[in-house]
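Colleague: Below you will find the structure I want to go over with you.
The values are calculated or read from the model by the stated rules, or taken from the named source; none is laboratory data. Just so you know, these numbers come straight off a predicted model, no measurement behind them. With ideal geometry, Cβ positions are generated from the backbone for all residues, glycine too; neighbour counts draw on all protein chains shown. The area values use the complete protein model at the heavy-atom level, side chains included, leaving out ligands, DNA and RNA. Shrake-Rupley method; radii C 1.70, N 1.55, O 1.52, S 1.80 Å.
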Amino acid sequence: MENNILLESGTNELEVLEFTVGTQSFGINIAKVNEIMNYQPMIPVPDSPDEFEGVFTPRDKVISVIDLHKVLHKDSSDSGHDLLIICNFNQMDVGFHVSSVKGIQRISWEDIEKPPKMSSDGVTSIATGIAKLTDRIILILDFEKIVSDINRSAVIDTTGAKITDENKDSKHIVIAEDSPFLNTLIQKTLREAGYNNVVSFDNGKDAWDYISAHKNLRDNILDEVSCLISDIEMPQMDGHHLTKKIKDDEVLRKIPVYLFSSLINDQMRIKGESVGADAQFSKPQIGMLLNYINEHI
């Protein structure tokens with residue numbers, strides 16, 4: 001799928017593919033979507049979770065399929081016309097079995113809110129945002145969390161990470177990551193590596209407010225913000241817009257910004273470079289990110 005928004009930098013907007021599971025509307029960032037296909041039978045995999053339907057091989061590529069009806073505990077309204085949304089993120093191909101596809105919505109991240117805390121314990125939730133349209137809402141799902149519940153190694157891979165007992169309390173790291181699951185894992189990995197001064201936020205705007213509040217330090221800004229690790233997809237302000245705001249500021253531009261996202265591919269890497277990201281890492285390779293931080297801050 002070709003989308004002009006993929007070539008734009010720092011607009012703080014995204015395009016969401018709206019789909020239904022049962023009768024409810026959900027959304028996924030169009031940047032993750034490769035194609036939409038008619039549903040077809042799967043080859044089952046023995047001893048797999050109930051939500052994992054199996055695999056199929058379009059054009060000689062093996063794709064695993066997750067049934068969102070079972071994940072979300074909903075019945076298909078017309079199973080004879082179900083669809084597969086074929087995605088690529090976290091360096092893997094995966095299909096999601098849905099009821100229908102309604103179209104593409106272009107939305108500002110400012111119009112996407114976090115789900116109310118009373119609806120979830122904040123950890124087990126599989127929703128990262130609520131997009132408000134004029135006549136309905138679209139629930140943005142945490143697809144990394146959905147996949148991780150089936151295969152944890154597909155989301156976080158610490159292979160090669162150099163974990164030491166060295167105390168790195170002089171380094172202050174800021175995290176912007178909207179997935180509670182991934183936010184917690186990133187913090188845990190950093191602290192295991194000796195980085196005890198870690199501040200995390202679940203959206204780019206709160207991270208920006210925190211970082212910009214230290215502008216008065218000027219030449220000493222790195223004493224309080226040694227680096228920023230940022231996701232790209234976040235409510236209120238996305239990672240590209242956050243990076244651009246930091247790099248456009250004469251004081252804050254000294255802060256290294258490392259994008260850590262499931263969306264890092266050739267197109268998105270160009271976009272990250274255009275807003276000034278110092279380095280970009282694709283989930284699940286947190287080991288590579290950690291080693292880079294150890295060497296550069």
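Colleague: Could you pull out the pairs from Lys205/Lys254; Lys245/Lys271; Lys70/Lys271; Lys171/Lys245; Lys171/Lys254 whose alpha carbons sit more than 24 Å apart here?
Modeller: Lys70/Lys271
Colleague: For the range 163-226, which GluC sites (Glu not before Pro) are in a loop by DSSP, counting at most 15 other Cβ atoms within 10 Å?
Modeller: On the way: sites: Glu166, Glu177, Glu192, Glu224; in loops: Glu166, Glu177, Glu224.
Hits after loop and neighbour filter: Glu166.
Colleague: Tally Lys/Arg at +1 and Asp/Glu at -1 over every other residue whose Cβ is under 13 Å from the Cβ of Glu250; what's the total? Display every interim value, and only then the final one.
Modeller: Details: positive: Lys215, Arg218, Lys245, Lys247, Arg253, Lys254; negative: Asp219, Asp248, Asp249.
After counting each charged neighbour, the total is +3.
Colleague: Rounded to the nearest 10 Å², what accessible area does Tyr292 show when all protein chains are kept and the probe is 1.4 Å?
Modeller: 60
Colleague: Could you give me the ³J(HN,Hα) list for the range 131-148, computed from phi with Karplus coefficients 6.51, -1.76, 1.60 and θ = phi - 60°, whole Hz, x at Gly and Pro?
Modeller: So the J values, rounded to whole Hz, are 9, 9, 9, 5, 10, 6, 10, 10, 8, 7, 8, 8, 5, 4, 5, 4, 5, 5.
Colleague: Next up: Go ahead and run the numbers for FRET between Asn197 and Asp135, Cβ-Cβ distance against an R0 of 30 Å, rounding to 0.05.
Modeller: Once rounded, the FRET efficiency stands at 0.05.
Colleague: What full-extension length gain, to one decimal in nm, is calculated for Val101 and Arg218 as 0.36 nm per residue of separation minus the Cα-Cα distance?
Modeller: 37.2 nm
Colleague: Amide H to amide H, which residues 5 or more places from Thr128 or on other chains are under 5 Å from it, using H placed in the peptide plane?
Modeller: Those qualifying (amide H under 5 Å, at least 5 residues apart or on another chain) are Ile140, Leu141, Asp142.
Colleague: Scan the chain and hand back the longest stretch that contains none of the trypsin sites (Lys or Arg not before Pro) lying in DSSP loops with at most 11 other Cβ atoms within 10 Å.
Modeller: No qualifying site falls inside 163-297, the longest such stretch.
Colleague: Further question on the same structure: By the scheme Lys and Arg +1, Asp and Glu -1, what is the net charge of all other residues having a beta-carbon under 12 Å from that of Val65?
Modeller: Here the charged neighbours net out to -4.
Colleague: Could you look at the range 222-295 and say what percent of its accessible area is carbon and sulfur, using a 1.4 Å probe and all protein chains?
Modeller: Carbon plus sulfur share of accessible area: 45 percent.
Colleague: Whose amide H sits under 5 Å from the amide H of Val21, counting only residues 5 or more places off or on another chain, with H placed in the peptide plane?
Modeller: Here Phe26, Ser99 satisfy the definition.
Colleague: Accessible area per residue, 1.4 Å probe, Å², for the range 194-235: what's the number?
Modeller: Heavy-atom accessible area per residue stands at 41 Å².
Colleague: Could you compute how much accessible surface Glu233 exposes when probed at 1.4 Å, giving the result in Å² to the nearest 10?
Modeller: 20
Colleague: Between helix 180-192 and the chain, what is the angle of the helix's C-alpha long axis to the longest principal axis, kept within 0 to 90° and rounded to the nearest 10?
Modeller: Tilt relative to the chain: about 40 degrees.
Colleague: What aspartates and glutamates does Lys61 reach when the alpha-carbon gap must be under 17 Å and sequence neighbours fewer than 8 apart in one chain are set aside?
Modeller: Glu35, Glu53, Asp93
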